[in-house]
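Undergrad: Pasting a structure below so you can have a look.
The values are calculated or read from the model by the stated rules, or taken from the named source; none is laboratory data. What you see is a predicted model; the values in this text were computed from it and never measured. Cβ placement follows ideal geometry from the backbone for every residue including glycine, while neighbour counts extend to all protein chains displayed. SASA here: full protein model, heavy atoms, side chains in, ligands and nucleic acids out. Shrake-Rupley method; radii C 1.70, N 1.55, O 1.52, S 1.80 Å.
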Amino acid sequence: MARARVAEILQRKKLISHEQYEQARRQARGAGDQAIVHSLVELGLISHEDMVDVLAEQLAVPRIELSDDNVDPQVSHLLPEDLLRRHNVFPFSIENDTISLALAPPVDMSVIDEVELTTGYNVEPFLAAENEIRLALNQHFNPQHRTRQTIIDMHVEEQIPLETGELIIDDMLAAVESPPVVRLVVDIIDGAINERASDIHLEPQENALRVRYRIDGVLHDVMQIPSHVEASVISRIKILSNMNITEKRVPQDGHITIKKGSREYDIRAATYLTINGEKVVMRILSKENMLISLEGLGLEGRDLTVIKDLIERPNGMILVTGPTGCGETTTLYSILSRINNQTENIVTIEDPVEYKLPGINQSQVNQGAGITFATGLRSILRQDPNIIMVGEIRDSETARIANQASITGHLVFSTLHTSNASNAITRLVEMGVQDYLLAASLIGVVAQRLIRKICPYCKEPYKVDVRTLFRDFGVKSEKRGKATLFRGRGCKFCSFTGYYGRIGVFEVMRVTETIQEMVFEGRGAGDIRQAAIKEGMSTLRHASFRKVVEGITTFEEVRKAVFISID
């Protein structure tokens, strides 16, 4: 059978054990060989490269590594970009009447018929890594190149303001609906999606509009748009986001939904007036990126076991903490997806709803209608809920209601901005939650950060003094000699940053009887933290240390993204 052959290939290559294969098979729920191999990647048991090699052997399809040497740049334009991106394929050469086509897992062989019908050529399939195909597509269908050409071709006359400072409305509407402006905005958004950006920043400078993408948590300059086009570009985005294009002084929020290939993206846009003009930030939310398994988030070992245990409790309060942008909402969505079933009434109040979860009753904060986290939570309690998710505890009223809900038989999830797990207790007490009530309700706290991963394509080893390494992390050790760590030297796949993608590091504190007593007694966060460590909690520092030693990230990235405190 084909499935047994996949298992044989994996074990012959000594990539996994039989137990690990069974774990992946259970997660894939018998959906087929490709789904099993994808589960192995999600669980972190094999790399993407291993996945491509295994599937190439199993499918009897040649493996290809796309490079400048084996790619004919003219061939890619024989097919529409939309078709190539929708199926994640790339044609790289032609010989006689046969076109060579690189496909990425999961492989859909029906695309071969579509390519043959479109081009009139026979197709010879090859298997390539998804990142290689994406890079090839980005290089040969580069939105930034199109954007620069669009700017050159544009002949949008500079808008002349009236004495009041307002633009002439008829002229403004004509400008923002002109094909070059429409194409320019589309290319900016399209380029951001292709580059895996989480945010687009359009920042007015003295002489130009600067465009930057946030990729893996770091901002990168992309282009400069001439100042005479600035008003039209900003107004076009405001129209797409259902904002008032005549209002500049007051910050506005809007929303855009777009489809690119088979994927759907939600874009949250926000404006803010600076001394040089209106600044716009657009956050890109991909539905695929919002639903990640707990294992895929980076949770493992004891931390994963504790979280799985906590979320099975019938009642209590579980908090996810960290600074803005560290992935707390993604973690909560992963948890809700895991526990979602037809026997539970799960209700949320969010600001805003970042992703619609099937089968879950989601609601949104609406300040204009008087719906805050606190008022929304009160209404939810009258909806016979089993499980409640509060997007964020921002004030004392929300804190007290959430605490009371967890005591009265509900399982409550929420986020809080604190530096570590134990500080969440201090923060809730400061918000007015009584010590004895908090001790009775809080069952667990998860502190987390996001760190960049070393690029797998340019990852290289280097030696470091063991004592220096341990000292920098505050880890006591008598070991001596050299340790092998890894770093990315920079390549075309990671835009020469040395990093590609991000993963979470976690500090999971279970509220045990000992910690309950300490909370009841009003003990400080430091004492509670030390007690949690004695009971097995791994701190953010130690979690980061493991990721460095395992070759997942670098010490420089950890030092930047995670505050390393010496306990």
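Undergrad: How many residues are of a type outside the set (A, V, I, L, M) and either assigned to a loop (DSSP other than H, G, I, E, B) or in contact with a Pro (Cβ under 9 Å, 6 or more places away or on another chain) (or both) when one looks only at the stretch 90-122?
TA: So the answer is 10.
Undergrad: Right, something else. Please enumerate the residues belonging to the stretch 262-279 that are open to solvent by 60 Å² or more (accessible area, probe 1.4 Å), polar (S, T, N, Q) and modelled with pLDDT of 90 or more.
TA: Across the stretch 262-279, the qualifying residue is only Asn276.
Undergrad: Something else now. Determine whether the stretch 531-539 contains at least one residue that is touching a Gly at 6+ places or on another chain (Cβ under 7 Å), part of a loop (DSSP other than H, G, I, E, B) and open to solvent by 20 Å² or more (accessible area, probe 1.4 Å).
TA: no
Undergrad: When the stretch 491-510 is examined, which residues are found to be touching a Phe, Trp or Tyr at 6+ places or on another chain (Cβ under 7 Å) and open to solvent by less than 10 Å² (accessible area, probe 1.4 Å)?
TA: Cys494
Conditions tested, residue by residue: (1) surrounded by 15 or more Cβ atoms within 10 Å (Cβ to Cβ); (2) modelled with pLDDT under 85.
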site	(1), (2)
Gln23	yes, yes
Arg26	no, yes
Asp33	yes, yes
Val41	yes, yes
Ser47	no, yes
Ala56	yes, yes
Thr98	no, no
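Undergrad: Sticking with this structure for a sec: If you take the residues of the stretch 389-440 that are of a type in the set (Ser, Thr, Tyr), touching a residue at least 60 places away in the same chain (Cβ under 8 Å) and surrounded by 22 or more Cβ atoms within 10 Å (Cβ to Cβ), which of them is nearest to Ala525 (Cα to Cα)?
TA: Ser422
Undergrad: Residues of the stretch 204-216 being of a type outside the set (D, E, K, R), buried (at least 19 other Cβ atoms within 10 Å of the Cβ) and more than 14 Å from Val281 (Cβ to Cβ), which ones?
TA: The answer is Ile215, and nothing else.
Undergrad: I'd like the residue in the stretch 350-367 that is in a loop (DSSP other than H, G, I, E, B) and out of contact with any strand residue (DSSP E or B) (no Cβ under 7 Å at 6 or more places or on another chain) and, out of all such residues, is least open to solvent (accessible area, probe 1.4 Å). Talk me through it step by step, then tell me what you get.
TA: Filtering the stretch 350-367 for residues in a loop (DSSP other than H, G, I, E, B) gives 351-360, 365.
Among the residues that remain, those that are also out of contact with any strand residue (DSSP E or B) (no Cβ under 7 Å at 6 or more places or on another chain) are: 357-359.
Numbers: Leu357: 10, Pro358: 96, Gly359: 67 Å².
This residue is Leu357.
Undergrad: Filter the stretch 214-249 down to the residues that are in a strand (DSSP E or B) and touching a helix residue (DSSP H, G or I) at 6+ places or on another chain (Cβ under 8 Å), then identify the one that is farthest from Ala192 (Cα to Cα).
TA: Pro226
Undergrad: If you don't mind, another one. Which ones in the stretch 511-529 are crowded, with 16+ Cβ neighbours inside 10 Å, free of Cβ contacts under 8 Å to residues at least 40 places away in the same chain and of a type outside the set (Val, Ile, Thr)?
TA: Passing the criteria: Met518, Arg523.
Undergrad: How many residues, within the stretch 60-85, are surrounded by 16 or more Cβ atoms within 10 Å (Cβ to Cβ), in a helix (DSSP H, G or I) and touching a residue at least 60 places away in the same chain (Cβ under 8 Å)?
TA: Residues that pass the stated criteria total 2.
Undergrad: A follow-up question, please. State the number of residues belonging to the stretch 250-261 that are open to solvent by less than 60 Å² (accessible area, probe 1.4 Å) and in a loop (DSSP other than H, G, I, E, B).
TA: The number of residues fulfilling the criteria is 2.
Undergrad: Another question, if that's okay. Restricting attention to the stretch 312-349, and to residues there that are part of a strand (DSSP E or B) and over 18 Å from the mean Cα position of the chain (by Cα), which single residue is surrounded by the most Cβ atoms within 10 Å (Cβ to Cβ)?
TA: It comes out as Met317.
Undergrad: Another question, if that's okay. Any idea which residue in the stretch 472-490 is modelled with the highest pLDDT, counting only those that are open to solvent by 20 Å² or more (accessible area, probe 1.4 Å) and over 29 Å from Leu304 (Cβ atoms)?
TA: Within the stretch 472-490, the match that is modelled with the highest pLDDT is Arg489.
Undergrad: Could I ask something else about it? Can you confirm whether Val306 is assigned to a helix (DSSP H, G or I), touching a residue at least 60 places away in the same chain (Cβ under 8 Å) and touching a Lys or Arg at 6+ places or on another chain (Cβ under 9 Å)? Give the steps one after another, and end with the answer.
TA: Working: assigned to a helix (DSSP H, G or I): yes; touching a residue at least 60 places away in the same chain (Cβ under 8 Å): yes; touching a Lys or Arg at 6+ places or on another chain (Cβ under 9 Å): yes.
So Val306 fits the description; yes.
One line per residue, one yes/no per condition, for (1) at pLDDT below 90; (2) in contact with a Leu (Cβ under 8 Å, 6 or more places away or on another chain):
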position	(1), (2)
Met172	yes, no
Ala175	yes, no
Val182	yes, no
Val186	yes, no
His201	no, yes
Asn207	yes, no
Arg212	no, yes
Asp216	no, no
Leu219	no, no
